[in-house]
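The values are calculated or read from the model by the stated rules, or taken from the named source; none is laboratory data. Values in this document were obtained by computation on a predicted structure and should not be read as measured data. Virtual Cβ from ideal backbone geometry, glycine too; neighbours counted across all protein chains shown.
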Amino acid sequence: MSVENNTSSKPVIQVLGAGPAGIAVAYALAKSGKSDVEVLERAPVGGGNAASFMIDGIICDYGSHRFHPVADPDVLNDVKSILGDDLLLRPRHGRIRLGGRWIHFPLKPLDALLRLPKKFGFSLLGDSLLKPLRKKSSGPRTFSTVLYDGLGSTIAENFYFPYVKKLWGIDPEKLAVKLAERRISGTSVSKILFKMLRMLPGMGDETTGKFFYPRKGFGQICDGMTASAIELGASFQFSSDITRIERDGDKVQAVWIKGKDGDVRHGSDQLLSTVPLTTLVNLMDPPAPQAVLEATKAIKFRGMILLYLVLETDQFTEFDAHYFPELSTPISRMSEPKNYYASAEPKGVTVLCAELPCDPDERWWDMSDKELGEHFCGWLADVGLPVTVAVRACHTRRLSHAYPVYDLNYEANFNTIDQWLLGLDGLLVFGRQGLFAHDNTHHAIAMAYGAADCLNDAGQIDTAKWAAYREEFAKHTVED
Ligand SMILES: Cc1cc2nc3c(=O)[nH]c(=O)nc-3n(C[C@H](O)[C@H](O)[C@H](O)COP(=O)(O)OP(=O)(O)OC[C@H]3O[C@@H](n4cnc5c(N)ncnc54)[C@H](O)[C@@H]3O)c2cc1C
């Protein structure tokens with residue numbers, strides 16, 4: 001069935017995916033009034049990995065989510081104006097587990113000095129003093145060589161290497177340099193020390209050591225922006241099952257969606273895709289060239305299970321998050337949502353959210369919630385945080401696309417896919433999943449604003465302008 005859904009004279013823009021990137025582009029386009037926008041989302045709700053939901057009266061996110069004050073001013077100002085007083089500025093108050101000790105995270109100079117295991121502290125000092133004499137790694141540069149050369153063996157081997165092995169499931173020497181560039185802001189001891197010094201009173205600015213967090217959960221950012229976009233005229237179709245993307249040679253023409261009486265054609269002047277680039281390629285009709293299909297098979301996303309342990313107590317600890325870089329603890333981080341939105345309500349219950357990086361072929365993936373809950377309690381006991389209160393339940397959520405995997409071949413595979421997609425007329429791809437970018441929410445929103453800026457009144461893309469934006473996006477560095 002064919003639906004020509006445009007009754008106005010404006011170009012029709014279809015957006016695939018209603019995570020932060022898809023929602024933000026709909027908001028920006030609706031605000032500009034340049035086009036009619038329709039967002040097509042597979043899930044019954046918006047927000048993607050940055051959404052929130054309720055468990056036993058407690059607002060939960062898909063793992064620890066903070067809105068970082070380093071966001072572009074345009075992005076930050078919009079989020080502030082949409083959320084108003086609901087956007088809280090909260091102090092970061094986490095702990096990291098190293099060598100059997102807890103150290104404040106983000107690192108603070110005095111705390112680190114007193115709490116870091118002595119041997120670790122001396123080796124770190126040695127690495128730092130001997131850096132000028134250290135022989136640079138020979139052979140091809142990888143994540144591992146960049147960290148050895150920049151930081152020395154102590155912090156690389158004790159902190160970063162186990163942490164990335166846990167997060168990505170592969171050894172650091174099989175990870176690309178790009179991961180160090182995107183993920184690690186402190187690639188030298190002096191940069192780490194500089195960050196620590198900014199934590200001293202009077203050394204930073206009013207947001208140093210703080211983060212923004214909405215009173216009703218991180219998902220309030222997406223919910224608020226969706227409501228504003230709808231008010232401005234954008235439309236959202238949730239639970240949309242996209243069956244194919246019709247193209248005629250190099251021109252993308254329409255999106256087909258499953259309907260009650262057969263597939264329905266949604267004609268499009270410009271398709272803006274924020275869904276995983278692999279999904280996008282696989283939906284193409286006629287199919288993509290063989291080389292693109294092979295690159296699509298080879299490129300990988302890392303999955304994650306989120307475990308939500310419901311405990312019958314007001315608060316488990318005073319900390320927002322606990323970080324576990326060492327391989328002896330399978331989870332990478334644990335957060336307590338009530339401590340993010342600073343509420344004592346509801347009384348007598350709290351939730352602990354653990355992030356367990358894992359792929360569908362790993363043993364954790366098919367375990368029952370009950371079994372995973374028992375493991376979770378065991379991991380906490382092992383790090384000296386035994387659960388001594390009643391456990392009401394353990395719930396789980398599984399993310400298939402938590403992190404893009406920057407292995408040594410990813411760049412070649414990504415470029416093959418990206419170049420083909422860039423050559424298609426009537427299609428623009430962005431967002432964390434679309435550009436295989438290890439980005440924060442404020443980056444996804446910034447990409448969306450860039451995309452909206454590149455669309456002219458006829459619904460066409462200024463490709464030179466987009467190329468310049470892409471160079472800017474490549475400089476994004478992830479905040480933790
Ligand atoms: C564990 C974890 C912690 C994080 N912590 C932070 C943090 O502290 N701060 C921060 O700023 N960022 C954080 N992030 C990153 C943040 O979640 C992402 O940057 C953000 O969600 C990216 O937005 P996006 O719209 O590009 O992608 P997504 O949020 O992934 O949205 C993509 C959307 O596309 C939809 N989709 C997929 N396939 C289809 C299909 N076939 N048809 C239609 N729709 C489809 C999905 O359902 C989803 O809604 C974290 C991410 C993870 C995994």
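Which condition number in (1) surrounded by fewer than 19 Cβ atoms within 10 Å (Cβ to Cβ); (2) within 13 Å of the ligand (Cβ to nearest atom) is the one that Tyr403 fails?
Result: Tyr403 fails condition (1) only.
Within the stretch 233-258, which residues are assigned to a strand (DSSP E or B) and loosely packed, with under 12 Cβ neighbours inside 10 Å?
Filtering the stretch 233-258 down to residues assigned to a strand (DSSP E or B) leaves 235-237, 242-248, 251-258.
Asp248, Lys251 - these are the residues of the stretch 233-258 that are assigned to a strand (DSSP E or B) and loosely packed, with under 12 Cβ neighbours inside 10 Å.
Which pairs do you get when a residue that is over 21 Å from His442 (Cα atoms), found in the stretch 24-39, comes within reach of a residue that is assigned to a strand (DSSP E or B), reach meaning Cβ atoms under 6 angstrom, with the pair 6+ apart or on two chains?
Ser35/Ile13; Asp36/Val12; Val37/Ile13; Glu38/Gln14; Glu38/Ser235
Residue under question is Gly373, and the condition is that it be surrounded by fewer than 18 Cβ atoms within 10 Å (Cβ to Cβ) and more than 22 Å from the chain's Cα centre (by Cα); does it hold? Spell out how you get there, then give the answer.
Details: surrounded by fewer than 18 Cβ atoms within 10 Å (Cβ to Cβ): no; more than 22 Å from the chain's Cα centre (by Cα): yes.
When the stated conditions are applied, Gly373 does not pass them.
Could you identify the single residue in Val15, Val39, Val79, Val25 that is within 15 Å of the ligand (Cβ to nearest atom) and either among the hydroxyl-bearing types (Ser, Thr, Tyr) or closer than 21 Å to Thr477 by Cβ (or both)?
On the way: Val15 fails: either among the hydroxyl-bearing types (Ser, Thr, Tyr) or closer than 21 Å to Thr477 by Cβ (or both); Val39 fails: either among the hydroxyl-bearing types (Ser, Thr, Tyr) or closer than 21 Å to Thr477 by Cβ (or both); Val25 fails: either among the hydroxyl-bearing types (Ser, Thr, Tyr) or closer than 21 Å to Thr477 by Cβ (or both).
Sole residue among the options that is within 15 Å of the ligand (Cβ to nearest atom) and either among the hydroxyl-bearing types (Ser, Thr, Tyr) or closer than 21 Å to Thr477 by Cβ (or both): Val79.
What is the number of the single condition among (1) away from the ligand (no atom under 13 Å from the Cβ); (2) crowded, with 20+ Cβ neighbours inside 10 Å; (3) of a type in the set (A, V, I, L, M, F, W, C) that Ala71 does not meet?
(1)
Run down Pro357, Pro386 and say which single residue is touching a helix residue (DSSP H, G or I) at 6+ places or on another chain (Cβ under 9 Å), over 18 Å from Ala298 (Cα atoms) and surrounded by fewer than 14 Cβ atoms within 10 Å (Cβ to Cβ).
On the way: Pro357 fails: surrounded by fewer than 14 Cβ atoms within 10 Å (Cβ to Cβ).
That would be Pro386, the only listed residue that is touching a helix residue (DSSP H, G or I) at 6+ places or on another chain (Cβ under 9 Å), over 18 Å from Ala298 (Cα atoms) and surrounded by fewer than 14 Cβ atoms within 10 Å (Cβ to Cβ).
Take Arg397 and decide whether it is closer than 26 Å to Phe211 by Cα and basic (Lys, Arg). It would help to see each step written out before you state the result.
On the way: closer than 26 Å to Phe211 by Cα: yes; basic (Lys, Arg): yes.
It is true that Arg397 is closer than 26 Å to Phe211 by Cα and basic (Lys, Arg).
In the stretch 432-449, which residue that is touching a Leu at 6+ places or on another chain (Cβ under 8 Å), at pLDDT 95 or above and more than 8 Å from the ligand (Cβ to nearest atom) is farthest from Gln419 (Cα to Cα)? Please lay out each step first, then the result.
Pass one, the stretch 432-449, residues touching a Leu at 6+ places or on another chain (Cβ under 8 Å): 433-436, 438, 442, 447.
Of the ones still in play, those that are also at pLDDT 95 or above are 433-436, 442, 447.
Retained after the next criterion (residues that are more than 8 Å from the ligand (Cβ to nearest atom)): 435-436.
Working: Leu435: 11, Phe436: 13 Å.
The residue in question is Phe436.
Residues that are at pLDDT 95 or above and in contact with a Leu (Cβ under 8 Å, 6 or more places away or on another chain): does the stretch 126-138 have at least one? Show your work before the answer.
First, pick out the residues of the stretch 126-138 that are at pLDDT 95 or above: none.
The answer is no; no qualifying residue exists.
Starting from the stretch 411-440, keep only residues that are more than 25 Å from Gly47 (Cβ to Cβ) and assigned by TED's automatic domain parsing to the domain that holds Glu294, then list their pairs with residues that are within 16 Å of the ligand (Cβ to nearest atom) and at pLDDT below 95 whose Cβ atoms are within a distance under 7 Å, requiring at least 6 positions of separation or different chains.
Going by the 7 Å Cβ cut-off, the qualifying pairs are Gly426/Ser268.
Search the stretch 99-126 for residues being of a type in the set (D, E, K, R) and under 32 Å from the mean Cα position of the chain (by Cα), and hand back the single one that is surrounded by the fewest Cβ atoms within 10 Å (Cβ to Cβ). Please lay out each step first, then the result.
Within the stretch 99-126, the first condition is being of a type in the set (D, E, K, R), and the residues that meet it are 101, 108, 111, 115, 118-119.
Narrowing the set further to residues that are under 32 Å from the mean Cα position of the chain (by Cα) leaves 101, 108, 111, 115.
Values: Arg101: 13, Lys108: 17, Asp111: 16, Arg115: 18.
Ranking the candidates gives Arg101 first.
Do the conditions hold for Leu83, that is, is it under 30 Å from Ile221 (Cα atoms) and within 24 Å of the chain's Cα centre (by Cα)? Outline the logic, then answer.
On the way: under 30 Å from Ile221 (Cα atoms): yes; within 24 Å of the chain's Cα centre (by Cα): yes.
Here the answer is yes, as Leu83 does meet what is asked.
Looking at Thr274, Thr317, Thr329, which one is over 17 Å from the mean Cα position of the chain (by Cα), farther than 20 Å from Leu167 by Cβ and not charged (D, E, K, R)?
Details: Thr274 fails: over 17 Å from the mean Cα position of the chain (by Cα); Thr329 fails: farther than 20 Å from Leu167 by Cβ.
When all the criteria are applied, what remains is Thr317.
Which is within 23 Å of the chain's Cα centre (by Cα), under 23 Å from Lys31 (Cα atoms), in a helix (DSSP H, G or I) and in contact (Cβ under 8 Å) with a residue 12 or more places away in the chain, of Thr226, Thr296? Write out each step before concluding.
Details: Thr296 fails: under 23 Å from Lys31 (Cα atoms).
Just one listed residue meets the conditions, Thr226.
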